[in-house]
Structures are given as C-alpha cells and as structure tokens.
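To start, the structure itself, in structure tokens.
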Amino acid sequence: MAAVRLSEAEKVYIIHGVRDDLRLDGRGCEDYRHMEIETDVVSNTDGSAKISLGHTDVLVGIKAEIGKPKPMVPNEGYLEFFVDCSANATPEFEGRGGEDLGVELSNTLYKAFNNRRSVDLRSLCISPGEHCWVLYVDVLLLQCDGNLFDAMSIAIKAALFNTRISKVQISEDDEGGKEIELSDDPYDCMRLNVENVPCIVTLCKIGHRHVVDATLQEKACSLASVLISVTHRGTVTCVRKMGRGSLDPESIFEMTEAGKRVGKSLHAPLMQLLQEEESLGKKRQKVGFLG
C-alpha cells in the first residue's frame, strides 16, 4: 500500500487534531472528502464508472461473458475481480509491489461482493448447470491518496448500475443440442438490481479515536484499521482487520457501529446521483479525462 513518511511532530499534530474532531483538511472524523462519480466512460465495456475521492482516482470496467456455472451453485452466475495497480499512481506499485497489492485487493473485493446477499447471482444464470453470465470486473488504480477500498467499492456499485447485459434466447437444434442467441438490440438488455450491493467503509484507529476516509498522512499515524462492507439496510457482509497493530473489543465495537452508520448513509445519495445522471441520457456532459 502506498505510504508517506512523517516526523514525530507531524504525527502528534495529526493525532491531537483527530482527538478534537478536526482533521488537517477541516473534516470531522466521519466525513468523506469531495467525491466525483461518472458512469459510462469506457465504450468497449458493458458497464463502467470512474470515481475521484480527493486525489484518489479509480476506473472500473465490467465485461459480461458466457461461462459455465460453478458445480456447487449450478443455478448462479458469478463475478471475477482483477485489480491493476498502475505504477503511475505511485512508484511503490511498480513490479511485484503492485502485483501483490492487486491480488490482496481482488481477494477482499471477491469476499465483499461475490455472494447472493450482495448481488442477485441467480439472475445471471442462463441454463442451470450449463451456461451463466460471468461478470469480469476490472479495476484500475489511476492515482492513490489513501482509502482505496472505499473508492473501489463505490466505483464498482456505480459500474454495476451502469451495466447492461444482452438478453438471451435458448433454442434446440435438430440434434437436441442447445443454441444460445444474443439479442442484437442494444435496448433489449437486462439490468442488475444493485440495491443490496454494499459499500466498503474503512475506519482507521488514530490515537483513541477512529476516522473515515483517511488520507496517506493520516494512514501513517494509524497502526490498525477495520474494513466493513455495509448494505443500504446497514447489514454487514464482510469485516476485515488490517494493519499490524491491535484493537481492544470496545474499539472494534465502536468502529463497527460507526462503519454501519456511515456506510448506510452512503447508499441513498449515491443511488440518487446515479439515477439523475442516467435520466439525462445523451444530454449528459462527460467531464472526466475520457470525455
């Protein structure tokens, strides 16, 4: 993970500010930085989104391909995640450092999103035991200024909302085999229900308090953090402790409750923004670097 080095005086200054609920950029402990979201930014995907969270930029593209269901769940499709840590984001991502981090991020995203409580995987099934839709979610980290998990989860939810999957018709040939026909009409498509898709909230323990959406400077003052995946109803789908420091039970409980509260409040404005952007249609002005 990208990191910065701070002097002891700088760390004390940040810790004392967090103690008084006043961070370096003027935010409170449970406030996010300014966020910009744009969907449908990559033309050769079935769904895409770009998010800027402070100076953290993440691009997500989703491709739907027909595959074979997994033997344990023959009536469900599934998601595959791949995270590319661009060396342009930070020199630390160059070589093995970026590859190892990409695998770690991909595994965490898989646990948080690839379950029936988050995504309606049954709707991705075409023919039980034979064919299903596989959603390949490619995440590209363009710039890193802390809080990668939160930015990625929001971008993934926005990209899933933007995803359109062609409708399928199954017919039998003369020999009894099944043939799959995809609709040529771009408007004859299936949309995913992203209502239960979670958002990830990362809480970093700094001193005796915790903060949401930590910058790299604040991350350098934290020895432990908790990653919580929360749905719009406040249901927790995944919890992971990160960092080499320890957390007492009281801190874990407080951070979990804060994560559920903050995560639940993220969904309504996010969905409202995505629906408003979609309602503009072709009138929407693309403002990102791909516009």
*Glu181 fails exactly one of the following numbered conditions: (1) crowded, with 24+ Cβ neighbours inside 10 Å; (2) in a strand (DSSP E or B); (3) not hydroxyl-bearing (Ser, Thr, Tyr). What is the number of that condition?*
(1)
*asked:* All but one of (1) out of contact with any helix residue (DSSP H, G or I) (no Cβ under 6 Å at 6 or more places or on another chain); (2) assigned to a loop (DSSP other than H, G, I, E, B); (3) within 18 Å of His267 (Cα to Cα); (4) not acidic (Asp, Glu) hold for Val197; state the number of the condition that does not hold.
replied: (1)
*In the range 122-134, what residues are under 14 Å from Leu160 (Cα atoms) and open to solvent by less than 10 Å² (accessible area, probe 1.4 Å)?*
Leu124, Val134
*Could you count how many residues in the range 211-241 are touching a residue at least 40 places away in the same chain (Cβ under 8 Å), assigned to a strand (DSSP E or B) and farther than 12 Å from Ile14 by Cα?*
6
_Condition check for Ile252: assigned to a helix (DSSP H, G or I) and touching a residue at least 24 places away in the same chain (Cβ under 8 Å)_ = yes
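Quickly run through the range 250-286 and pick out the residues that are exposed (fewer than 10 other Cβ atoms within 10 Å of the Cβ) and either at pLDDT below 90 or within 18 Å of Arg33 (Cα to Cα) (or both). I'd like the intermediate steps shown before the answer.
The initial filter retains those residues of the range 250-286 that are exposed (fewer than 10 other Cβ atoms within 10 Å of the Cβ), namely 250, 279-283, 285.
Those that are exposed (fewer than 10 other Cβ atoms within 10 Å of the Cβ) and either at pLDDT below 90 or within 18 Å of Arg33 (Cα to Cα) (or both): Ser279, Leu280, Gly281, Lys282, Lys283, Gln285.
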*Go through the range 200-226 and give me each residue that's out of contact with any helix residue (DSSP H, G or I) (no Cβ under 8 Å at 6 or more places or on another chain) and open to solvent by 30 Å² or more (accessible area, probe 1.4 Å).*
Lys219, Leu223
*Return the only residue of Thr90, Thr163, Thr108 being hydroxyl-bearing (Ser, Thr, Tyr) and either surrounded by fewer than 17 Cβ atoms within 10 Å (Cβ to Cβ) or modelled with pLDDT of 90 or more (or both).*
Thr163
*Could we say that Leu141 is crowded, with 23+ Cβ neighbours inside 10 Å and within 9 Å of the chain's Cα centre (by Cα) here?*
no
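The values are calculated or read from the model by the stated rules, or taken from the named source; none is laboratory data. These figures come from a predicted structure and were not determined experimentally. Positions of Cβ are backbone-derived with ideal geometry, glycine not excepted, and every protein chain shown enters the neighbour counts. Surface areas here come from the heavy atoms of the whole protein model, side chains and all, with no ligands, DNA or RNA. Shrake-Rupley method; radii C 1.70, N 1.55, O 1.52, S 1.80 Å.
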